[in-house]
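Notes follow once the structure below has been shown.
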Amino acid sequence: MKDSISFKDFLYFYHWFKNFVQSFYKGKDEHDKWVIKLKYDHTLRVSKEIVDIGRELNLNTEQLFLAKTIGLFHDVGRFPQYEKYHTFRDAKSENHALLSVKTLIEKGILDKLSKNIKNVILKAIEYHNIRILPIGLDPEIDFYSRLIRDADKLDVLNVFVELYDNPSKLISTIELDLPDCNEVSEKIIEDILANQISNLTYMKCKHDMKLMLLSWTFDINFAPSLKRIKERRYIEKIISHLPPSPKLEEVKKHLLSYVDLKLLKDTE
Ligand SMILES: [Fe+2]
């Protein structure tokens, strides 16, 4: 049993993943193929992002391949989820992180790895979309869970910012089938102003998804990830797609100063 992941192991995982995704394209129309490709591309970008963040955190080669493997497999359940339910909304289908874990176990793809490393991968995947990480986790599981959560969030932010800039590409599935009303959730705004990640159940309209994405800022774990949020101007860009109001201006200022303050603390 292998206690670390080599380049060769990763290549094997990568080819398996590519073939696995390929199998979902069969018999699909152009729309469905586009949706599947969106998640496939997301996965590959997350595997890159997690390594980029990991490098800045001085991880060694073995640790980087472990991180990359978690990135590659974190959303593997998205493909059977869309196949079966035609939605990415977990509440209307099933928890896609648990579906990823179930898929990896069923396919036996991690079976040549040691029990310990397999457990770190599966737990980090299980925890990648949980609202709040449990306390008292094994330090390695805690670390890789935080790492995948950051990398995943950064890419989701990236995808949405690009889609908001090109609304013709925005489809209902991506916006979790939320209605197109003009209100913004006061509850999510309250959470943001209280430095809290908000609750998915507060999302009633499409705009709330933008607020929800903004609230993720409080669940970013590592300075290199926050630095990317600042450099890529995600906060300013998302707010520019919300109806202007003094309240939202306050939200923007609040978030930007939170990021600056956190980054400042990290350099102390
Ligand atoms: Fe996910």
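The values are calculated or read from the model by the stated rules, or taken from the named source; none is laboratory data. Worth saying up front: this structure is predicted, and the values here are computed from it rather than measured. Cβ atoms come from the backbone with ideal geometry, glycine included; neighbour counts cover every protein chain shown.
Structure above, values below:
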read-out	value
Residue ID - surrounded by the fewest Cβ atoms within 10 Å (Cβ to Cβ), chosen from residues in the range 136-152 that are of a type outside the set (D, E, K, R) and within 25 Å of Leu214 (Cβ to Cβ)	Ser145
In the range 94-109, residue nearest to the ligand (Cβ to nearest atom) [restricted to those that are in a loop (DSSP other than H, G, I, E, B) and under 21 Å from Arg149 (Cα atoms)]	Asn95
Selection count where residues are more than 11 Å from the ligand (Cβ to nearest atom) and either among the aromatic types (Phe, Trp, Tyr) or assigned to a helix (DSSP H, G or I) (or both), scope the range 135-155	11
Cβ-Cβ under 8 Å pairs, at least 6 apart or on other chains, the range 231-260 side outside the structural domain of Asn195 (by TED's automatic domain parsing) and part of a helix (DSSP H, G or I), far side of a type in the set (Val, Ile, Thr) and surrounded by 13 or more Cβ atoms within 10 Å (Cβ to Cβ)	none
Candidate set from the range 43-73 (those that are acidic (Asp, Glu) and over 18 Å from the mean Cα position of the chain (by Cα)); member that is farthest from the ligand (Cβ to nearest atom)	Glu62
Test for Leu226: is it touching a residue at least 24 places away in the same chain (Cβ under 8 Å), in a helix (DSSP H, G or I) and either over 23 Å from Ile50 (Cα atoms) or among the acidic types (Asp, Glu) (or both)	no
Those residues of the range 177-208 which are modelled with pLDDT of 90 or more and part of a helix (DSSP H, G or I), in sequence order	Lys187, Ile188, Ile189, Glu190, Asp191, Ile192, Leu193
Qualifying positions in the range 249-268 - touching a Ser or Thr at 6+ places or on another chain (Cβ under 7 Å) and either at pLDDT below 95 or of a type in the set (Phe, Trp, Tyr) (or both)	Tyr258
Among the candidates Lys33, Lys84, residue that is in the same structural domain as Glu140 (by TED's automatic domain parsing), free of Cβ contacts under 8 Å to residues at least 12 places away in the same chain and touching a helix residue (DSSP H, G or I) at 6+ places or on another chain (Cβ under 6 Å)	Lys33
Count - residues of the range 196-249 that are crowded, with 19+ Cβ neighbours inside 10 Å and among the polar types (S, T, N, Q)	4
Of residues in the range 117-132 being in contact with an Asp or Glu (Cβ under 9 Å, 6 or more places away or on another chain) and modelled with pLDDT under 95, the one farthest from the ligand (Cβ to nearest atom)	Ile132
Number of the condition not met by Val76 [criteria: (1) away from the ligand (no atom under 13 Å from the Cβ); (2) modelled with pLDDT of 95 or more; (3) among the β-branched types (Val, Ile, Thr)]	(1)
Checking Glu162 against (1) assigned by TED's automatic domain parsing to the domain that holds Asn95; (2) exposed (fewer than 15 other Cβ atoms within 10 Å of the Cβ); (3) assigned to a helix (DSSP H, G or I), the condition it does not meet	(1)
Members of the range 66-105 found to be surrounded by fewer than 16 Cβ atoms within 10 Å (Cβ to Cβ) and within 13 Å of Phe20 (Cα to Cα), listed by number	Glu83
